[in-house]
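The values are calculated or read from the model by the stated rules, or taken from the named source; none is laboratory data. Just so it is clear, the model here is predicted, and its values are computed rather than measured. Because the Cβ atoms are built from the backbone with ideal geometry, glycine has one as well, and the counts that use them run over all protein chains shown. These accessible areas exclude ligands, DNA and RNA; they are computed on the full protein's heavy atoms, side chains included. Shrake-Rupley method; radii C 1.70, N 1.55, O 1.52, S 1.80 Å.
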Amino acid sequence: MTEHVLGRETQPAGRIGFFEKYLSIWVALCIVAGIALGNLLPGLFGFLAGLEYASVNLVVAVLIWAMVFPMMVNVDFASLRHIGDRPKGLVLTLAVNWLVKPFTMAALGVLFFQYVFAPWIEPADAQQYIAGLILLGAAPCTAMVFVWSQLTRGDATYTLVQVSVNDVVMIFAFAPIVALLLGVTDIAVPWQTLLLATGLYVVIPLIAGVLTRRWLTGRAGGGADAEAAVSEFTSLLKPVSIVGLLVTVVLLFGFQGNVIVENPFLIVLIAVPLIIQSYGIFFLAYGAARAWKVPFNVAAPCALIGTSNFFELAVAVAISLFGLTSGAALATVVGVLVEVPVMLSLVAFANRTKHWFP
């Protein structure tokens, strides 16, 4: 286990789990399975789509909770007492995540789907894909960033501070930013559904995670034993989280089966702005950190947090706002397919260039 405190750290090589390392492959297999099942068993997927209440699909809600809850247990609000320590990395994280990333993602979505890809995509479908990209851009990473941070031997405590602050900001900023950007792209915003989705998939899981963490640490008696108890608990839940993600991918591509069969090139089109956004945001944050002389063990996680997405939240809100069979939901799932190989390539780049930093 890597031990970090602000200003002092021991740093064995980072490790990435089997499922995380090959997540894109698992997602690709689930995409194929979903498309096949959607075409073979349309009645089953129609039945599952009908299991909803107040615009929330009950099956998907359970799966999203299985994905989100373990991440929220990792959030330690006690780390916020370090918010004033070495503020440069935190300032960069907040600026990139909330002042740059959502808007550049929306701009790229409009550029590609309303202009570059216009000959191949119907205008109504283009609006849906733009909406999905906006949801990804407005949801900064909460869980996988700990993996990316560890792989770059980042300061784990500082990374936790950054994630915790982002989660606090997300409670208040996610819905307004999404509504603003959807309005700019002329997509009707059902405010009631947006607020419901934010509460259901951000606020409630975060509260449940905080209470669970408090119970675990209280039972363990604090200190290293408390952190070990939290780590053991989240490790036990990790397979559940990944299964929830993969089953969600199967369902979403099952509902989109006919669309994908008719236009398989669509996945590539959606991936293009996502890849450009990911590399662009990383190099913006990484370059700013280098110019500001931020230490590497803060700079690398800072750039990776801005690059990665809380795709579980984006998927959930896309389904709530636009439906299981929407292009918005499809775009958010393509984000999962793109993210892991892109992030691994950026981790490798960061590790090769650590000598750039103090």
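Here Gln162 clears all of (1) of a type outside the set (A, V, I, L, M, F, W, C); (2) open to solvent by less than 10 Å² (accessible area, probe 1.4 Å); (3) within 19 Å of Met105 (Cβ to Cβ) except the condition numbered (3).
To keep it simple, each residue is scored yes or no on (1) of a type outside the set (Val, Ile, Thr); (2) in contact (Cβ under 8 Å) with a residue 60 or more places away in the chain; (3) under 14 Å from Leu274 (Cα atoms); (4) touching a strand residue (DSSP E or B) at 6+ places or on another chain (Cβ under 6 Å).
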| site | (1), (2), (3), (4) |
| --- | --- |
| Arg290 | yes, yes, no, no |
| Lys293 | yes, yes, no, no |
| Val298 | no, yes, no, no |
| Ser308 | yes, yes, yes, no |
| Leu313 | yes, yes, no, no |
| Ala318 | yes, yes, no, no |
| Leu330 | yes, yes, yes, no |
| Val333 | no, yes, yes, no |
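State whether the residues of the range 126-138 include one that is farther than 21 Å from Ala197 by Cα, in a helix (DSSP H, G or I) and not basic (Lys, Arg). The answer is yes, given that some residue of the range 126-138 is farther than 21 Å from Ala197 by Cα, in a helix (DSSP H, G or I) and not basic (Lys, Arg).
Residue count for the range 192-206, restricted to those that are closer than 12 Å to Val178 by Cβ and among the aliphatic types (A, V, I, L, M): 4.
Let's see how each residue does on (1) more than 21 Å from the chain's Cα centre (by Cα); (2) closer than 22 Å to Ala288 by Cβ; (3) of a type in the set (Val, Ile, Thr):
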{"site": "Val116", "(1), (2), (3)": "yes, no, yes"}
{"site": "Trp120", "(1), (2), (3)": "yes, no, no"}
{"site": "Pro123", "(1), (2), (3)": "yes, no, no"}
{"site": "Ala138", "(1), (2), (3)": "no, yes, no"}
{"site": "Val145", "(1), (2), (3)": "no, yes, yes"}
{"site": "Gln150", "(1), (2), (3)": "no, no, no"}
{"site": "Val163", "(1), (2), (3)": "no, yes, yes"}
{"site": "Val169", "(1), (2), (3)": "no, yes, yes"}
{"site": "Thr198", "(1), (2), (3)": "no, no, yes"}
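The condition (being farther than 25 Å from Val336 by Cα and small (Gly, Ala, Ser)) is satisfied by just one residue among Gly223, Gly254: Gly223.
Restricting the search to helices (runs of 4 or more DSSP H) fully inside the range 245-358 and requiring at least 3 residues that are at pLDDT 90 or above gives 266-291, 296-307, 327-352. Here the range 326-358 is the region considered, the condition is being surrounded by fewer than 21 Cβ atoms within 10 Å (Cβ to Cβ) and of a type in the set (Ser, Thr, Tyr), and the residue that is farthest from the chain's Cα centre (by Cα) is Thr353.
For the range 232-263, a tally of residues being closer than 23 Å to Ser326 by Cα and open to solvent by 70 Å² or more (accessible area, probe 1.4 Å) returns 4.
Limited to the range 181-194, what total is found for residues that are part of a helix (DSSP H, G or I) and crowded, with 16+ Cβ neighbours inside 10 Å? Adding up the residues that qualify gives 4.
Does the range 136-147 include one or more residues that are at pLDDT 75 or above and open to solvent by 10 Å² or more (accessible area, probe 1.4 Å)? Taking every residue of the range 136-147 in turn, none turns out to be at pLDDT 75 or above and open to solvent by 10 Å² or more (accessible area, probe 1.4 Å). Among the residues of the range 41-54, is there at least one that is open to solvent by 70 Å² or more (accessible area, probe 1.4 Å) and at pLDDT below 80? Yes: the range 41-54 contains one or more residues that are open to solvent by 70 Å² or more (accessible area, probe 1.4 Å) and at pLDDT below 80.
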